[in-house]
Amino acid sequence: MPDFPFIKYHPKVFDKEQMAARAQEYYQYMNDRRTVREFSDKTFDIKILEQCILTANTAPSGANKQPWVFCIVSNKEIKKKIREAAEKEEFDNYHIRMSKEWLQDLAPLGTDEHKEFLEKAPYLIVVFRKSYDIIHGEKRKNYYVQESVGLACGFLIAALHQCGLVCLTHTPSPMNFLQEILQRPENEKPFLLIPIGYPAEYVMVPDIQRKKLDEICVRFD
Ligand code: IYR
């Protein structure tokens, strides 16, 4: 036996019918989630976000290092600074850096360099990934950091949906400015910027389709 403690795991047990019903219900529930780019400025209790971040923190991570930090920004001046810096980078993206093919792929989503949501949404969560930790002054490596933080963000998005909130997985690029504005330490690199709130009234979303099962799943029986 390893010399660190193990505890008994108690799995949830369901019969065949319950399994099928739960799988179907969860799919329907998650399939209703939509990415939203226009927010109402209505706010809500920050404790809801803290609870959702605890859910994100249950995600699996390489060697259980939990190599993530979630910054919750509601301060108006900081949001404004973030918007200005993001729009500056995004202007160059849309006008210089992005290929024709990329712009064509984005066209149906209606995105551009204007990022009003960065000020309008009551909260931004800026997710940082930690390629290493500093423990008692010593550098300790983290593993599978991209995968781990991506999983945690997925858990976070599902938890927000559970509360009737909407969000946007925004990826300004490059986004080093987030490390500077939020004065995060050297071992934390920005991973994702997530505006969160209620959708604007009468918000419209693009009529996208989800791929069919046979396009995304290959069976080896
Ligand atoms: N980061 C830019 C461009 C963008 C890229 C992808 I991939 C998207 O799915 C959407 C947008 C922006 O946020 O506008």
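The values are calculated or read from the model by the stated rules, or taken from the named source; none is laboratory data. Quantities reported herein were computed from a predicted structural model and do not represent experimental measurements. Don't worry about glycine lacking a Cβ; one is built from the backbone with ideal geometry, like all the others, and counts go over all protein chains shown. Remember, those area values only see protein heavy atoms, side chains included, never the ligands or the DNA or RNA. Shrake-Rupley method; radii C 1.70, N 1.55, O 1.52, S 1.80 Å.
Selection of region 107-116 for residues being more than 10 Å from the ligand (Cβ to nearest atom) and either surrounded by 13 or more Cβ atoms within 10 Å (Cβ to Cβ) or under 23 Å from VAL69 (Cβ atoms) (or both) yields only GLU116.
Using the structure shown, decide if GLU113 is part of a helix (DSSP H, G or I) and not hydroxyl-bearing (Ser, Thr, Tyr). It is false that GLU113 is part of a helix (DSSP H, G or I) and not hydroxyl-bearing (Ser, Thr, Tyr).
All told, PRO60 falls short of being at pLDDT below 95 and on the phi < 0 side of the Ramachandran plot.
Scanning region 165-184 for residues that are more than 16 Å from the ligand (Cβ to nearest atom), of a type outside the set (A, V, I, L, M, F, W, C) and touching a residue at least 12 places away in the same chain (Cβ under 8 Å) yields GLN179, ARG184. Go through region 65-106 and count every residue that is away from the ligand (no atom under 13 Å from the Cβ), of a type outside the set (Lys, Arg) and not in a helix (DSSP H, G or I). Qualifying residue count for the region: 10. What about GLU101, is it in contact with a Phe, Trp or Tyr (Cβ under 9 Å, 6 or more places away or on another chain), free of Cβ contacts under 8 Å to residues at least 60 places away in the same chain and of a type in the set (D, E, K, R)? For GLU101, the condition - in contact with a Phe, Trp or Tyr (Cβ under 9 Å, 6 or more places away or on another chain), free of Cβ contacts under 8 Å to residues at least 60 places away in the same chain and of a type in the set (D, E, K, R) - is not met. Could you list, in sequence order, the residues of region 174-214 that are open to solvent by 80 Å² or more (accessible area, probe 1.4 Å) and within 30 Å of LYS139 (Cβ to Cβ)? Correct list: ASN176, GLU180, GLN183, GLU186.
Just one of the listed residues (PRO172, PRO190, PRO195) is at pLDDT below 95 and under 19 Å from the mean Cα position of the chain (by Cα), and it is PRO172.
Could you check GLN28 against (1) surrounded by 10 or more Cβ atoms within 10 Å (Cβ to Cβ); (2) of a type outside the set (Ser, Thr, Tyr); (3) in a helix (DSSP H, G or I) and say which number it fails? Unmet condition: (1). Select from region 121-162 the residues that are open to solvent by less than 80 Å² (accessible area, probe 1.4 Å) and more than 19 Å from LEU54 (Cβ to Cβ) and list them in ascending order. Hits for region 121-162 are ALA121, PRO122, SER131, TYR132, ASP133, GLY137, ASN142, VAL145.
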